[in-house]
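Have a look at the structure below before the remarks.
The values are calculated or read from the model by the stated rules, or taken from the named source; none is laboratory data. All figures in this text were calculated on a predicted structure; none of them were measured in a lab. All Cβ positions, glycine included, derive from the backbone under ideal geometry; neighbour counts span all protein chains shown. Remember, those area values only see protein heavy atoms, side chains included, never the ligands or the DNA or RNA. Shrake-Rupley method; radii C 1.70, N 1.55, O 1.52, S 1.80 Å.
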Amino acid sequence: MAAAAAATGLPPPLSSGVALPEVLVVWDILVRLPPKPLLRCRLVCRAWRRLTSTRDFLLAHHRHQPSLPVFTGCRNCDVLTVDRRRRLLHPVARFDSSVFCVEEASCDGILVLWRKRAIGAHSSVRFSICNPTTRQSGDIPLPLLTGFMLMGLYRHRPTGEYRLLLYRIELPASERLVDVLIPGDRNACYVYTLGSGDLPRCIGWPEAEANGASVLLYGSLHWYKRIEDMILAFDITAESFRWMRSPFGKAVWRAFHGLFEINCMLGMYCCDDGATFVDIWVLEDYEREVWSLKYRVELPVLEIRRELDVKRDLYSVMVSSEDGDVLVLVNCKRAMLYIGTDGKLLVSLPHDNDGLSITPVKLRASLVPHAFFPSLLDYVVNASPFV
């Protein structure tokens, strides 16, 4: 028991006379630990190692991990999350080159990265897949995906395959070699299956081009399309699109806006041009597309400017949900602020990373193994590009 206490970081029990049932230890205690303490606990005994290595346990462990917003630091090539209670920014991955950029896609603990590589006097752009928890990384073996824009990453439920949703963009005539190798329409959507070796498959929908991170809920990926003032939804089982109503009309034109998940419901926020207030909506009836205005957060502008030491509106605003709390995140080059729905400043996180930026991506740590990783180009575990 002393070894178990040391592995978990908890104090030893006052009395060792009665041992906890093994099923309780595994499924009520170990399953809730962060990944690193869990891996240390596997050294306690063979039974714990065996029981915590099953796929059922790893899936349950993944579900118990918090879903945290992802930040990037360009100067140090970091991917970071926030420990809000301890008021710390901590890296979940650190790369050895500044040619990496977090794409706006994540699923089941997997991040999609944009990677630029030098080849002699030329350079190529590839998508890379990584799991920061297991420190696995590899490139998608399709260098000609430079002709595609990434829309999302999802797990296709009927097959269990992980797939990229891509949008094929119009290319200059000098770059249209992709048309020879990948037949199909330009300005249309494609699906690419990780680890399959197949080429992307065209599924049509030229009007479905969407920028920004998607939100996966109710078996669909969702994006907000500002020009149409509509929400685009992609059913990840049927692999088909549909349109949904947004909570506000085209007359509303805001500086910051986006979708997010709030207590297993679809949320949407918009911030006025002066960054003085944020409206937060919740889709309370998904089938009938009924929205309700949940909060209007009056931002403490003077306090924000004092904390960030900015005289002009040189900061970004977004909304996130963590542990059931709805939070407004305000960031500039000096610090990041967490503001509650009552408009009060909760946490100020100073940072010295001039390139720190908030991404709309959420990451939930996962130790679940994925069969497609070894098939990726330049596949590595716990090696470069990780530091």
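Annotations for the structure displayed:
- Cα-Cα over 27 Å, subset of 36/333; 294/333; 225/362: 36/333; 294/333
- Taking the average, over residues, of other Cβ atoms within 10 Å as the packing measure, peptides 162-168, 204-210 rank 162-168, 204-210 from highest down.
- Two-site FRET efficiency, residue 285 against residue 186, from Cβ-Cβ distance with R₀ of 35 Å, rounded to 0.05: 0.40
- Probe 1.4 Å - accessible area at residue 161, Å² to nearest ten: 70
- Heavy atoms of residue 375 accessible to a 1.4 Å probe, total area in Å² rounded to 10: 60
- Solvent-accessible surface (1.4 angstrom probe) belonging to residue 363, in square angstrom, nearest 10: 20
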